[in-house]
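The values are calculated or read from the model by the stated rules, or taken from the named source; none is laboratory data. Every value quoted in this text rests on a predicted model; they were computed, and no experiment measured them. Glycine gets a Cβ as well: all are built from the backbone with ideal geometry, and neighbour counts include every protein chain shown. With ligands, DNA and RNA removed, areas are computed over all heavy atoms of the protein, side chains included. Shrake-Rupley method; radii C 1.70, N 1.55, O 1.52, S 1.80 Å.
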Amino acid sequence: MKPPLDTCRRLFAGLTTVIVLLLSACASPAWSPPSPTAEMGEHELTRGDVEAWLDGVVPTALMEGKVPGAVVAVVKDGEVLTTRGYGYADLGSNGTEPVPVDPEKHMFRWASISKIPTSIAVLQLVEQGKVDLDADINTYLDDLTLERVSDAPVTVRHLLTHTAGFEERWLVDDVIADSPKLVFEPGTTPSYSNYGMSLLGELVARVSGQPFPDYVEEHVLRPAGMTRATYRDNPFPADVAERLATGYSGSGEVVPPEAAQTTEDPDGSLTGSGADAAQFMLTQLARDPELLRADTWEQMWRPGLPDEASVRLGADPMGLGYILGSRNGHRFAQHGGALPAFHSIFEIYPDDGIGIFVSLNGNGADGAGPAIPPWLVEQFADRYLPGANPTGDVDPEQAEVISGTYTDTRRSYSTAVGAWEELATTVSITAESNGWIQLGGTQYQPVGDWLWQEVDGNTRLAAVVADGEVRRISFGPTTLVPAQQGKAAMLLVGVLALAAVLACWPLGALTRWRAARAGRPAAEPLSPEGRTARGGALLGLAGVTAWPAVLLPAGRSFVIPPLQEIGLVLIPLHWAGVLALLPAVWDLISVVRRRAGWRRITVASLLVLGLLGFAWWCLTSNALTFRLAF
């Protein structure tokens, strides 16, 4: 009896959907920006013009993106042009009235913008001669043990430029005792690292002799005029808690502050108001000597690694803590940040004396929360800082060379979760006939040697190519490296093959039962090794399809599940699937020797094929380790 065709189709379609959902988990937001309500083009940046423009575009973006509220600050030539509040800091509940955003009062969580005051604190210690940018981090943290890939030291400069080479670790209980693995040679591969910045916070505390929140408040925040900004959270100080804007999920539910899982973290726990943001930008643009010397400010806004490949090629490099770049020919230094329900960005233009800050208190619909701040900053630059980006000689054939499949280096390499992060961060670059390329639905045009720029945008991609092979593609602190070919395809083939075999298993038993009842000859039952192999395949398939059910909701909600406990259940299922390959091979040999018929041999062969694909993926993706730190 053959399995019903529709049943097989549904089974295959369902499993394919699971894999596709996983692979698209990190896709670009689907939010579409609204059409500008004010005329674009060259405009003078004045208080009246920018307030009218913001009042036209921000409420529309919030309404269409279903984001509760926002705060925006703009500064120019040493003055605060405006701090504006839009929407609601709290939507109200249990009969209470909604609370409009007050840019002077309400505090928003700035997330990774926290890395800038932390970096300033490090450079203060450098100016005092207490820290050397090019010294091994172990000079200051002598009890830190790192699992290295070489004898090359990890320096303070590497940490500031996100080039230390750490694998990603989202949660670290102890920065000294719980360090992630180094997977790249220090100084060679930009890969954004929260952990690296946390190490710098520990360095500040030890060298200064003060707890990090005390040092940064006394020596950075208050001198910068940030009267209420703080790194103290979970719990927040009472005066901050009563001013904190409420964060909301994409479905409009309140996201509690503890969902961020930060505790005075140097890399992500800074909270401040729109007024704080305005003062902070003014301090930087003024190259305030109370914080740093003018030449040190400039050093932070220059490429942090002089020999970095992206610098040689002209792509946007990392400064010391800052993400650097150029919009319309105007250089900028900036940083963004995201926590559950809060999305922020600030951007300063040191040569133009201009700065803008945007922060939202909701995830919004279709990824609007993460998308609106960078979109608004780009619109601001196009309106008030027009110009042209420089270009160079281009070779249209270079697009064909970099066409291929890549994976983001910002992921885990040594944990089982990394197997799924690798799949989720895999992207394709495709070449067009005119030398342009496509990445994630965005077009980039060639503007120099191995250099592409986003069409109608400012992001630049730089490719490092040696002996005709792409070594990496970098943009800012993000790096793509060639993906191991066929991993996703091998997993998908293995899953589908196993699903087909397992679908035939009960159908074969049903066929034999019906034949016996009717008194007809029936096929011989499965051997013990055949049943063992199918049982192991069933367990392996259950394990591999359960992970998307665990990780996809976590990615949407920003709430990390208890992975260690879940792994104790799911990882043994992976092992069962891999070990099932042994009885499956024995079963195949047996049915071939016995000439058990083409159907039986085909199914046994399909089982071996599926288990081979599954085992290969598990072994090459670290999916068998019980190390599950996220």
Kyte-Doolittle at least -0.5, axis length at least 15 Å by Cα - qualifying DSSP helices, the chain: 5-23, 47-65, 115-127, 194-208, 274-285, 368-384, 487-518, 528-557, 563-579, 581-594, 598-620
Evaluated at 20 °C with a viscosity of 1.002 mPa s, what Stokes-Einstein diffusion coefficient in µm²/s does the chain have when Rh comes from the Kirkwood expression over alpha-carbon pairs? 80
Net dipole in debye of the stretch 321-434 [+1 Lys, Arg Cβ; -1 Asp, Glu Cβ; about Cα centre; nearest 20]: 500
Which cross-chain or sequence-distant (5 or more) residues have an amide H under 5 Å from the amide H of Val447, H modelled 1.01 Å from N in plane? Trp452, Gln453
Given a Förster distance of 35 Å, the FRET efficiency implied by the Cβ-Cβ spacing of Glu127 and Ala152, rounded to the nearest 0.05, works out to 0.85
Quick check on the chain: of the DSSP beta bridges with both residues there, what percent are antiparallel, nearest 5%? 95
In order over the stretch 212-229: 3J(HN,Hα) from phi, Karplus 6.51/-1.76/1.60, θ = phi - 60°, whole Hz, x for each Gly or Pro, gives 3, x, 5, 4, 5, 5, 6, 9, 10, 5, 5, x, 7, x, 8, 6, 10, 4
Test of understanding: extend the Cα→C-beta vector of Glu253 to 7 Å, then name every residue of the stretch 62-95 with backbone N under 12 Å from that spot. none
With each label point set 7 Å from Cα along the Cα-Cβ vector, what nm distance links Leu507 and Met63? 5.5
Just how much of Glu422 is accessible, in Å², when a 1.4 Å probe is used and the result is rounded to the nearest 10? 20
Computed lengthening from Arg599 to Asp77, 0.36 nm per intervening residue step minus Cα-Cα distance: 180.0 nm
Can you give the accessible area of Val603, probe radius 1.4 Å, in Å² rounded to 10? 40
For Asp295, Asp265, give me the order by solvent-accessible area with a 1.4 Å probe, most accessible first, ignoring ligands, DNA and RNA. Asp295, Asp265
Diffing the stretch 168-175: the Karplus 3J(HN,Hα) column from phi (6.51, -1.76, 1.60, θ = phi - 60°), in whole Hz with x for Gly and Pro, holds 6, 9, 6, 10, 10, 6, 9, 5
Using 1/(1 + (r/R0)^6) with R0 = 51 angstrom and r between the beta carbons of Val99 and Glu400, what's the FRET efficiency to the nearest 0.05? 0.40
Keeping all protein chains in the complex and leaving out DNA, RNA and ligands, what accessible area do you get for Met226 with a 1.4 Å probe, in Å² to the nearest 10? 0
1/(1 + (r/R0)^6) with r = Cβ-Cβ of Glu298 and Ala466, R0 = 45 Å, i.e. FRET efficiency to nearest 0.05, evaluates to 0.90
